[in-house]
Amino acid sequence: MTMSPPERDPARHWLSRFAVERYPDRLRPEPLDEYAADARPALTAGAAIDEPGASGSRDIVAISIQRAGVIADLLDELAERLRPGVETRPIRSAGDLSGLARELAEDMYRRAT
């Protein structure tokens with residue numbers, strides 16, 4: 001069964017993904033801040049691997065598959081929004097997603113130094 005993608009508002013929804021609902025099966029736009037709330041438990045689940053120094057080397061930064069997945073999702077969204085010809089208005093959200101992205105960036109900078 002093929003589900004047709006719903007309309008999205010770039011100011012409020014992800015451009016690179018949809019939320020999937022069951023019963024009935026359908027796709028719906030995924031609000032930006034909803035993803036941030038859903039990502040936090042995944043980051044918590046990978047926390048043991050995400051401890052600095054978990055790799056045993058200062059030259060290698062080890063992160064959990066959960067953290068890597070969240071970072072990849074954020075980069076996919078950034079790539080979609082930066083694609084030539086894509087027009088977006090200013091983001092309308094509570095700031096949860098930008099807060100999550102900032103936390104991840106600060107963590108990666110901390111690990112790299």
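The values are calculated or read from the model by the stated rules, or taken from the named source; none is laboratory data. On a predicted model such as this, the values are computed, not experimentally measured, just so you know. With ideal geometry, Cβ positions are generated from the backbone for all residues, glycine too; neighbour counts draw on all protein chains shown.
Please go through the range 14-64 and pick out each residue that is modelled with pLDDT of 85 or more and among the acidic types (Asp, Glu).
Within the range 14-64, Glu30, Asp33, Glu34, Asp38 qualify.
Do any residues in the range 76-92 that are touching a residue at least 40 places away in the same chain (Cβ under 8 Å) have Cβ atoms under 6 Å from those of residues that are part of a helix (DSSP H, G or I), where the two are at least six apart or on different chains, and which pairs are they?
Matching pairs, first to second residue: Thr88/Arg81.
Just to verify a result, which residue in the range 68-113, among those that are over 17 Å from Glu30 (Cβ atoms), at pLDDT 90 or above and basic (Lys, Arg), is farthest from the chain's Cα centre (by Cα)?
Among residues in the range 68-113 that are over 17 Å from Glu30 (Cβ atoms), at pLDDT 90 or above and basic (Lys, Arg), the one farthest from the chain's Cα centre (by Cα) is Arg83.
Can you go through Asp76, Asp96 and tell me which one is of a type in the set (D, E, K, R), surrounded by 11 or more Cβ atoms within 10 Å (Cβ to Cβ) and in contact with a helix residue (DSSP H, G or I) (Cβ under 8 Å, 6 or more places away or on another chain)? Talk me through it step by step, then tell me what you get.
Details: Asp76 fails: in contact with a helix residue (DSSP H, G or I) (Cβ under 8 Å, 6 or more places away or on another chain).
Sole residue among the options that is of a type in the set (D, E, K, R), surrounded by 11 or more Cβ atoms within 10 Å (Cβ to Cβ) and in contact with a helix residue (DSSP H, G or I) (Cβ under 8 Å, 6 or more places away or on another chain): Asp96.
Looking only at residues that are assigned to a loop (DSSP other than H, G, I, E, B) and hydrophobic (A, V, I, L, M, F, W, C) in the range 56-113, which one is nearest to Ala36 (Cα to Cα)? Step through it out loud before you land on a result.
Here is the first cut: in the range 56-113, the residues assigned to a loop (DSSP other than H, G, I, E, B) are 56-64, 83-95, 113.
After this cut, where a residue has to be hydrophobic (A, V, I, L, M, F, W, C) as well, the list is 60-63, 86, 91, 94.
On the way: Ile60: 27, Val61: 23, Ala62: 22, Ile63: 18, Val86: 23, Ile91: 14, Ala94: 11 Å.
So the residue we want is Ala94.
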